[in-house]
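Let me begin by presenting the structure, written as C-alpha cells, before commenting on it.
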Amino acid sequence: MVLGHENCGAVNAARSSGDPGTPSLNLLVQRIRDATGKAATLEAAVKQNARASAAYLLANSKVIREAVDGKRVGLVVAYYHLDSGVVERLR
C-alpha cells in the first residue's frame, strides 16, 4: 500500500520554493514537486504524490513489478483522513 495522508508535511514543504539543503532530500523533494505539479490544494497534491509514488515503485522495482504483474500481490494507493480515520482508496 502506498498511503498518502492528510496534512502531509513532506508534500507541503515540497510545495514551497525552499531548498531542503541536502542532496538526498533534494532528490525526494524534486520527485514530489514533479508529481504534484500545480495541484490546487494540499489534499490534491498528496493524492497525486501517492499515485506517482506507486507508479515509481512499479517502474523502478523489478521485484514489485513482477509480483504485481503476476498477481501475487496487489498495489493499493490510498489517502488517510487523519481526523476521521477513513482510508480512501484512490485507484
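Give me the distance between the Cα centres of the stretch 37-91 and the stretch 2-18, rounded to whole Å.
14 Å
Stokes-Einstein at 10 °C, 1.306 mPa s, Kirkwood radius from Cα pairs: D for the stretch 2-89 in µm² s⁻¹?
114 µm²/s
Could you tell me which residue out of Gly74, Thr36, Ser17 lies farthest along the dipole of the stretch 17-77 toward its positive end? Charges go on the beta carbon: Lys and Arg +1, Asp and Glu -1, centred on the Cα centre.
Checking the options against the dipole of the stretch 17-77, the answer is Gly74.
Using Cα-Cα distances under 8 Å and only pairs 6 or more residues apart, what relative contact order does the chain have, in percent?
36 percent
Just so you know, all these numbers are worked out from the coordinates, no wet-lab data involved. These numbers were taken from a predicted model, which means no experiment stands behind them. Counting neighbours? That spans all protein chains shown, and the Cβs are built from the backbone with ideal geometry, glycine included.
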